[in-house]
1. Neighbour counts of other C-beta atoms within 10 Å: give me M42, M1 arranged from fewest to most.
2. Calculate the translational D of region 1-77 in whole µm² s⁻¹ from Stokes-Einstein, where the hydrodynamic radius comes from the Kirkwood formula applied to all Cα pairs, the temperature is 10 °C and the viscosity 1.306 mPa s.
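Please treat every number below as a calculation from the coordinates, not as lab data. Treat the numbers as computed from the prediction; the structure is a model and nothing was measured. Neighbour counts are summed over all protein chains in view; Cβ atoms, including those assigned to glycine, are modelled from backbone coordinates with ideal geometry.
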Amino acid sequence: MKTIQVVLEKELLLEANKAAKRNKQNRSALIRDALRHYLKRMQIRAAEQREIEAYSSHPQTPEELREIELFAREAPWPEPQSVAILGWSASLLLTRLALSWCSLEMP
């Protein structure tokens, strides 16, 4: 590990101290975890953006969208969800549902 200096606003430092105490970890561990979480969210956003751009250049046909909507209605999701495709690619929709199902927090 490497030691660095970080400048924080007073209120942010106080909140970080409280959060670290609640989680029974030191402030450095809290900041490392927060940074890992942030970087993971950025990776997911970048992947989503690449997928949106790819599907925008090759949109799905109305028939493909109907098939996806039928699948989403009949799939055994943890809780019933209303599915509105409205411009989202099917793959992106299913990826977002799968990630939420796996308890990954989305941005």
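1. M1, M42
2. Numbers: Rh = 16.7 Å.
Here the translational diffusion coefficient equals 95 µm²/s.
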